[in-house]
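Here is the structure we will look at.
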Amino acid sequence: MNETVQAWSRLVGWLEEHAPVNHRALNGPASEEEIAAAEEQLGVRLPDQLRAYLKVNNGTVAQLDDSNGLTGSCTEGEFLSGCWALLPLSTIVRLHHVMMPGPNEDAAHWDREWIPFAAEPYECGEMYGYFVDAITGSVGRWGDYGERDARAYPSLRDFFDDEFRHMCRLAHEGVHYEVKPLGEHTPDDPPGRVLNGSIEWD
């Protein structure tokens with residue numbers, strides 16, 4: 001099995017067991033035709049690791065409905081640490097278009113080969129997120145004030161492994177924990193909790 005898919009499957013298995021509400025927010029797989037159509041719009045071939053992950057789950061749903069047992073806005077899909085969401089192909093294409101510099105903007109602001117795959121909620125402006133560099137395969141991060149870290153993680157597999165480690169430290173129902181103000185947290189404190197089958201990050 002592809003290493004990226006292995007790392008992602010481990011995370012999905014944890015969600016299914018411990019946070020089923022968040023697990024239901026996962027989209028099904030993207031087809032090869034859907035990926036090819038997105039690549040045509042982007043003007044870039046997606047890196048193999050991103051393609052492999054999308055063929056398992058095409059991000060999280062933007063709106064949940066009665067078909068998956070949930071209604072309303074998709075806070076359930078914002079289960080990455082920091083309450084960020086994984087993006088479906090349609091949002092990847094849209095956000096990539098938004099991030100690309102216009103004719104009068106600094107071309108260094110965003111590279112065409114940077115493919116966004118995770119971001120803060122749409123309601124918050126999607127001003128922070130992660131991208132995969134289609135050339136190097138490394139995972140970078142962008143921020144609202146023009147900050148860019150093109151090598152936040154060596155690969156998408158490393159990103160998923162790190163998220164899995166964060167999730168494994170969450171406190172669960174039946175486990176005593178003390179909710180502390182963020183300023184009083186220590187490295188030994190859990191970063192959040194799972195309540196009623198859903199992740200809550202501090």
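The values are calculated or read from the model by the stated rules, or taken from the named source; none is laboratory data. Please read these numbers as outputs of a predicted model, since none were measured by experiment. A quick note on method: Cβ atoms are made from the backbone with ideal geometry, for glycine too, and the neighbour counts reach across all protein chains shown. These area figures cover heavy atoms from the full protein model, side chains too; ligands, DNA and RNA do not enter into them. Shrake-Rupley method; radii C 1.70, N 1.55, O 1.52, S 1.80 Å.
Between a first residue in the range 186-200 that is farther than 14 Å from His166 by Cα and a second residue that is open to solvent by 20 Å² or more (accessible area, probe 1.4 Å) and part of a loop (DSSP other than H, G, I, E, B), which pairs have beta carbons less than 7 Å apart while being 6 or more apart in sequence or on different chains?
Final answer for the pair search is Leu195/Glu173.
Taking the stated definitions as given, is Gln41 in a helix (DSSP H, G or I), farther than 22 Å from Leu170 by Cβ and in contact with an Asp or Glu (Cβ under 9 Å, 6 or more places away or on another chain)? Explain how you work it out, then say what you get.
Working: in a helix (DSSP H, G or I): yes; farther than 22 Å from Leu170 by Cβ: yes; in contact with an Asp or Glu (Cβ under 9 Å, 6 or more places away or on another chain): no.
In short, no.
Residue by residue through the range 26-50, note down the ones that are crowded, with 16+ Cβ neighbours inside 10 Å, touching a residue at least 24 places away in the same chain (Cβ under 8 Å) and not small (Gly, Ala, Ser). Break it down stepwise before answering.
Pass one, the range 26-50, residues crowded, with 16+ Cβ neighbours inside 10 Å: 26-27, 30, 34-35, 38-39, 42, 44, 46-47, 49-50.
Now narrow it down to the ones that are touching a residue at least 24 places away in the same chain (Cβ under 8 Å): 26-27, 30, 34-35, 38, 42, 44, 46-47, 49-50.
Residues satisfying the conditions are Leu26, Asn27, Glu34, Ile35, Leu42, Val44, Leu46, Pro47, Gln49, Leu50.
Taking the condition of being at pLDDT below 95, of a type in the set (A, V, I, L, M, F, W, C) and either outside any strand (DSSP E or B) or open to solvent by 10 Å² or more (accessible area, probe 1.4 Å) (or both), how many residues in the range 136-160 meet it?
Residues that pass the stated criteria total 2.
Does Val21 fit the bill of being touching a strand residue (DSSP E or B) at 6+ places or on another chain (Cβ under 8 Å), part of a helix (DSSP H, G or I), farther than 13 Å from Val132 by Cβ and at pLDDT below 95?
On the way: touching a strand residue (DSSP E or B) at 6+ places or on another chain (Cβ under 8 Å): yes; part of a helix (DSSP H, G or I): yes; farther than 13 Å from Val132 by Cβ: yes; at pLDDT below 95: yes.
So Val21 fits the description; yes.
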